[in-house]
Each structure stands twice: as C-alpha cells, then as structure tokens.
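This report refers to the structure that appears directly beneath it.
Each value in this text was obtained by applying a stated rule to the coordinates, not by laboratory testing. Owing to the predicted nature of the structure, the values given are computational and were not obtained by experimental measurement. Glycine gets a Cβ as well: all are built from the backbone with ideal geometry, and neighbour counts include every protein chain shown.
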Amino acid sequence: MNAVHNRLCSSPWWARRVKDKLIPWGLQNVELGDDVLEIGPGFGATTRLLAEMPARLTALELEPRYCERLRRELGASVEVVQGDATWLPFADGAFSSVLCFTMLHHIPDRTLQDQVFAQVARVLKPAGTFAGTDSVGTGTLFKLIHIGDTLQPIDPDELPERLRRAGLEPLEVRRVENSFRFRARKPA
C-alpha cells in the first residue's frame with residue numbers, strides 16, 4: 001500500500017468506521033462457528049474486533065511487517081500466519097468460516113482472485129461460510145487512495161458466478177453505494 005493508504009488504514013478514523021459500520025454490516029446474520037480464518041487483515045482494524053469474539057481466530061497476512069505488528073498488538077489471542085491467500089497454508093476443511101474485509105481488490109488479477117475463492121472453498125468445512133466486504137472501486141477518492149497500489153475491483157454482479165465456479169454456494173451479494181458485502185457457503 002502507498003503512504004496515504006497506509007495512513008488511512010492505520011488511523012483512528014478507520015478503526016471507528018470498522019467498529020461502527022463495516023463489521024456490523026459485514027457480519028450481519030453470519031454464523032462464524034468455532035474456527036475462523038481472516039485473510040488480508042492489513043493493519044488489523046477488523047482483526048482486533050474479531051479477536052473479541054468467542055471463536056478461535058487465525059489471520060493470514062501477506063506483508064511480513066504487518067504480521068509482526070499484529071503479533072505485537074494481539075499476542076496469543078490470534079494466530080498470525082504470514083502467507084499468500086492464493087495458496088492458503090492450511091489443511092482441507094480446517095475452518096468453520098473464512099472472512100475478508102476490503103482486501104479482494106488488492107489481488108492483482110481476476111485469475112488470482114478466482115484462485116483465492118477456490119482456496120477458501122478448500123479450507124472451509126462442509127457448510128462453512130465465506131463472508132466479507134469490498135469496494136466496487138468506482139469512486140474518485142477510492143481511486144486516488146490507490147495510486148501506486150494494486151487495484152483490481154470485483155464486479156459484485158459477477159461475484160456469484162465466480163464463487164459458484166470455485167465450489168461455493170452464493171447466498172448473498174448486496175451492494176450499498178460503493179461497497180458490497182457477500183456470503184457464500186461450502187456445500188454440505
């Protein structure tokens with residue numbers, strides 16, 4: 001992420017927005033189960049809130065320095081794993097749910113995004129849930145924040161079919177303004 005994006009995602013403003021809006025909206029009516037994987041937590045605004053929930057939480061982050069920061073801040077409450085979401089270093093059926101918040105647009109191309117969806121399907125337990133949020137990438141400010149960053153927005157209208165091809169059953173893709181939330185389930 002560029003310096004502006006780093007500053008925004010580590011700001012108190014973003015942490016409040018995540019707490020008051022993003023997590024409540026993104027997880028509304030989602031059953032997490034007992035073993036949750038969060039992919040792409042970045043600075044950890046979402047991770048800090050997920051760590052307060054009763055489920056066991058694992059966070060997978062690509063950037064080593066973000067991993068170190070999360071480990072320092074969260075200690076033993078979260079298992080932080082450095083790795084790539086396109087090849088999840090976990091056993092088949094390891095998690096009751098997989099979550100990601102505002103990170104899918106950072107995956108550089110559709111093929112790799114689809115690989116993430118397939119990996120999520122692999123590591124989910126039968127009837128497990130994949131849920132999260134992202135931005136549609138159409139706003140001018142959003143594009144400016146991503147100058148010099150990877151920006152490959154996902155079309156929410158295409159997401160159900162992409163999830164289906166990955167082996168997941170789409171349950172909801174709901175767009176509100178420039179964001180969307182999604183839910184899918186691994187067939188039982």
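Which of Glu61, Glu31 comes first, and how do the rest follow, when ranked by fewest Cβ neighbours within 10 Å? Write out the running numbers ahead of the final one.
Numbers: Glu61 27, Glu31 12.
Lowest count first: Glu31, Glu61.
Based on alpha-carbon atoms only, what is the radius of gyration of the chain relative to the globular estimate 2.2 N^0.38 Å? Don't skip to the answer; put the middle values down first.
Numbers: Rg = 15.2 Å, N = 188, 2.2 N^0.38 = 16.1 Å.
Working it through for the chain, the quotient is 0.94.
Test of understanding: ordering Glu68, Glu169 by Cβ neighbours within 10 Å, fewest first, what list do you get? Mind dumping the intermediate values first?
On the way: Glu68 13, Glu169 16.
Sorted ascending by nearby Cβ count, the order is Glu68, Glu169.
Averaging sequence separations of C-alpha pairs under 8 Å and six or more residues apart, then dividing by the length of the chain, give the relative contact order as a whole percent.
Values: 359 pairs, mean separation 38.6, N = 188.
Relative contact order of the chain: 21 percent.
What share of the DSSP beta bridges in the chain is antiparallel, in percent to the nearest 5? If you can, show how the numbers build up before the last one.
Details: 14 of 32 bridges.
In the chain, approximately 45 percent of DSSP beta bridges are antiparallel ones.
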